[in-house]
Amino acid sequence: MSAVMLTAGSLPLPHGFFTRQGGVSSGPFASLNCSLSSRDDPEAVRKNRARAAAALGLWPDALLGLLQVHGQAVADARTPWADEARPEADAMVTDRPGTALGIVTADCAPVLFADAGAGVIGAAHAGWRGAVAGVLEATLDAMERLGARRGRIAAVVGPCIAQASYEVGPDLRDAVLAGGAGHARFFAPGGREGHWQFDLPGYCLARLEAAGAGQAAALGIDTLAEEARFFSHRRRTLSGGGPIGHQLSAIALPAG
């Protein structure tokens, strides 16, 4: 079985928002777990990532990853690195043909970027902390430094936890509202007093649009609600914890 992925019509370069289907991992990592930091069998993860790279038309070593830390740092991927030397960052950009940029998520928002005219791509991991810190805007800035034009960049928010599934406390709400009172529109009343339902994909879209991205769209798929297709950190927490896999989202610049 091949790696199963979703695509977005507004992204003009090879890409995939991969599901958890079509891999070789077993147990809680079944089956396309692509996290290099998980407790899964490392060989199974390598095979899964190779399947994802093949789906994008590239060799396994063309797929780059990060040590994701929920920040705003953006890595320059014009010079590739080995998996064991991946930088601490939550986004990366490149104009190097034959490269795929991949980030892993299990409820956070994966965001893929492309300026096909300039031949510049980006990928970002946007949990609420990274989004508040400005990782999406930092990715656009880094792409411009490589020759992209902000108004020509297409950005797509992939599968992530949806508002109906994402109850949050006052710490998250306060951090988001510190960026502007208008951000209150991303919160709805929660099921418990002192809690709210947070619209992470909507918040990411608003920040992309405010930053001047040429196109910004979201797939509108809830990772928590679709257990057969996606890993979900919140679902795992609600069910009592334990190990978990992560799905991959990646975008590539074809070689040659």
Members of the stretch 202-221 that are surrounded by 15 or more Cβ atoms within 10 Å (Cβ to Cβ) and touching a strand residue (DSSP E or B) at 6+ places or on another chain (Cβ under 8 Å): G202, C204, L205, L208, A213, G214, Q215, A216, A217, A218, L219, I221
Please verify whether the stretch 204-222 includes one or more residues that are free of Cβ contacts under 8 Å to residues at least 40 places away in the same chain, farther than 23 Å from A91 by Cβ, among the acidic types (D, E) and out of contact with any helix residue (DSSP H, G or I) (no Cβ under 6 Å at 6 or more places or on another chain). no
Can you tell me which of L56, L66 is more than 14 Å from the chain's Cα centre (by Cα), surrounded by 17 or more Cβ atoms within 10 Å (Cβ to Cβ) and within 25 Å of T7 (Cα to Cα)? L56
Scanning the stretch 80-107 for residues that are assigned to a loop (DSSP other than H, G, I, E, B), among the hydrophobic types (A, V, I, L, M, F, W, C) and touching an Asp or Glu at 6+ places or on another chain (Cβ under 9 Å) gives A82
Filter the stretch 33-67 for residues that are touching a residue at least 40 places away in the same chain (Cβ under 8 Å), over 17 Å from A123 (Cβ atoms), out of contact with any Leu (no Cβ under 6 Å at 6 or more places or on another chain) and of a type outside the set (S, T, Y) and give the result. N33, R39, D40, R51, A54
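Where a number appears in this text, it was derived from the coordinates with a stated rule and is not lab data. Source: prediction; values computed, not measured. Ideal geometry is used to build each Cβ from the backbone, glycine not excepted, and the neighbour counts take in all protein chains shown.
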